[in-house]
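**Student:** Dropping the structure in here first, questions after.
Just so it is clear, none of the values below were taken in a lab; they were calculated from the coordinates. As the structure is a computational prediction, the values presented were derived from the model and not from experiment. Heads up, the Cβs are rebuilt from the backbone with ideal geometry, glycines too, and the neighbour counts pull from every protein chain shown.
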Amino acid sequence: MEKAMTYITDCKYAIRLIFLIAITVLLCQCSPNKEYQAPEFGIVKEMEFELLLEDGFNYGPTNIELSGDYILISGYSGPSSETFYVFDKSGKLLKSGINHGRGPGETLVGYIYMSVYGDTVSYVDLSNQESLSFSLENFMSSEPLEVNTEMLDLPTWCTYAKRTSQGQMVRIINRSWKQDLDLPNRTVELEDYDGTVRKYEVPVFEDRVLSWNSYMSPNVIFSPDGSKMAITPTLGMTLELFSLEGQFRCTEVKRFLAPDVEKVDGQVEYNDSYIFGNGKANATNTELYYVYDGETTGREWNATHDALLFKNIAVFDWDGNPKRLYKTKYRIYGLCIDENEQTIYALLGDKEGRFHLGKSNL
């Protein structure tokens, strides 16, 4: 009897120990820590771009996506009322449309959050809390364009909303540094096609002011098959990896460049030792391609404010491991990958402030 009781006690202890180890592993994966280590790339190459537009853009391009043989670019500036442009792979403009405005089929800032899934192009306009979508095939035809508008009930403090590569909606609620202090810094929501909302909450940055500023305009990218998502804040470089299949969960957090800033009245200022991290991204099912700096310091930027930032392209696998680094002579505003042709298309900026569409082989 005594041996049986001892055995039961040992089993309970073992179960408790296994449970605590499992919880510890989970927390270590996705909880805050202050350990940052700059990425080390096994391969570093120079990348030359062929400029496809003779005169460049006369507007500020914001996003670039690839759909079959089309290059899709969204952007807006005063001289043009249009926000959506379709090019072929030689850089020839085929068609443009979707006017800037408040009328039917128009958008104010929806072009900032453009996504493409299947034949559908989607804009999400946070200012109007609405989603605008249309068929690319319909857009390219001679038929009248049918634009679908859906009003969105976005949560308070929602600073990001965009369709995934499979058409689900991802929202990031980035709570103010002054309010909701009893709630997590951030909530990431994934809304499925049937309206089911799955949530993930984790204060990656314990400091509320730092979190607020880091996730005002986060960079979010999805794998083409819709199974994975990566989020990076705009300060430093922290790579958060998520699984969108089954249980919506964070699978890995890699901290590469610290957000080395001073906090002043809820805002941040770069310290001299701050190193600029990453910009926008594109992905295949096996790799992530980030617009990347990793060189320019806060001292250099604070001195002149004219440094040509984000000239590099950093490649990681979906476990967050650095693989390759491509160095260019342009500032890169966005990119997309043609995996079949092993080609990269990018929105480029030069020292004179001109915008270009570039193409290069990987």
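**Student:** Nearest 0.05, what FRET efficiency do ARG354 and SER80 give at R0 = 22 Å with Cβ-Cβ as r?
**Tutor:** 0.85
**Student:** How large is the dipole of the chain about the Cα centre if only Lys and Arg carry +1 and Asp and Glu carry -1, each at its Cβ, rounded to the nearest 20 debye?
**Tutor:** 800 debye
**Student:** Among TYR59, LEU288, THR238, flag the residue with its Cα farthest along the positive direction of the charge dipole of the chain, charges on Cβ as +1 for Lys/Arg and -1 for Asp/Glu.
**Tutor:** It is THR238.
**Student:** Using only DSSP helix segments of four residues or longer, with each worth -39500 (n - 2.57), what per-residue ellipticity at 222 nm results for the chain after dividing by its residue count and rounding to 500? Don't skip to the end; give the middle numbers.
**Tutor:** Values: 4 runs with 48 residues, N = 362.
One gets -4000 deg cm²/dmol as the mean residue ellipticity at 222 nm.
**Student:** Using only the Cα atoms, what convex hull volume per residue in Å³ does the chain have?
**Tutor:** Cα-based convex hull of the chain, divided per residue, equals 180 Å³.
**Student:** Pick out, from PHE256, SER141, ASN174, the residue whose Cα sits farthest towards the positive end of the charge dipole of the chain, with +1 on the Cβ of Lys and Arg and -1 on the Cβ of Asp and Glu.
**Tutor:** Checked the options; the winner is PHE256.
**Student:** Now for a different question. Under a cut-off of 22 Å between alpha-carbon atoms, report the lysines in cross-link reach of LYS351, not counting same-chain residues fewer than 8 places apart.
**Tutor:** The qualifying lysines are LYS45, LYS280, LYS311, LYS327, LYS329, LYS359.
**Student:** While we're here: Which of the lysines could a cross-linker bridge to LYS263, judged by Cα under 23 Å and excluding same-chain residues fewer than eight apart?
**Tutor:** Partners found: LYS34, LYS178.
**Student:** Here is a follow-up. Placing unit charges on C-beta atoms (Lys and Arg positive, Asp and Glu negative, everything else neutral), compute the dipole magnitude of region 136-291 about its Cα centre in debye, rounded to 20.
**Tutor:** Working: 15 positive and 24 negative charges, 62 e Å.
I would put it at about 300 debye.
**Student:** Another question about this same structure. For the chain, what does the relative contact order come out to in percent, with C-alpha contacts under 8 Å and a separation of six or more?
**Tutor:** 15 percent
**Student:** What fraction of the DSSP beta bridges in region 96-184 is antiparallel, stated in percent and rounded to the nearest 5? List each step's numbers first, then the result.
**Tutor:** Values: 19 of 20 bridges.
Counting only bridges with both partners in region 96-184, antiparallel ones make up about 95 percent.
**Student:** So what are the ³J(HN,Hα) numbers for region 93-101, from phi and the Karplus equation (6.51, -1.76, 1.60; θ = phi - 60°), rounded to whole Hz, Gly and Pro as x?
**Tutor:** After applying 6.51 cos²θ - 1.76 cosθ + 1.60, I find 6, 9, 6, 9, x, 6, 6, 7, x Hz.
**Student:** Less than 13 Å from a label point 7 Å out along the Cα-to-Cβ axis of ALA38: which backbone N atoms in region 283-315 qualify, by residue?
**Tutor:** Backbone N within reach: 293-298.
**Student:** What nm distance separates the two modelled labels at SER90 and LYS263, each placed 7 Å from Cα along Cα→Cβ?
**Tutor:** Here the modelled spin labels are 5.6 nm apart.
**Student:** Using the alpha-carbon atoms, what tilt in degrees (0 to 90, nearest 10) does helix 2-30 show relative to the longest principal axis of the chain?
**Tutor:** That works out to roughly 20 degrees.
**Student:** Working out 0.36 nm times the residue gap between GLU287 and ARG324, then minus their Cα-Cα distance, what length gain in nm do you get to one decimal?
**Tutor:** Gain in length upon complete extension: 12.3 nm.
**Student:** Moving to a separate point now. Can you order the peptides 62-69, 216-223 by their average number of other Cβ atoms within 10 Å per residue, highest first? Could the numbers behind the result be given before it?
**Tutor:** Details: 62-69: 16.9, 216-223: 18.4.
Those peptides, ordered most packed to least, come out 216-223, 62-69.
**Student:** Give the aspartates and glutamates reachable from LYS89 as a straight Cα distance under 13 Å; neighbours fewer than 8 places away on the same chain don't count.
**Tutor:** The reachable aspartates and glutamates, counting only those whose Cα sits under 13 Å from LYS89, are GLU50, GLU65, ASP69, ASP338, GLU341.
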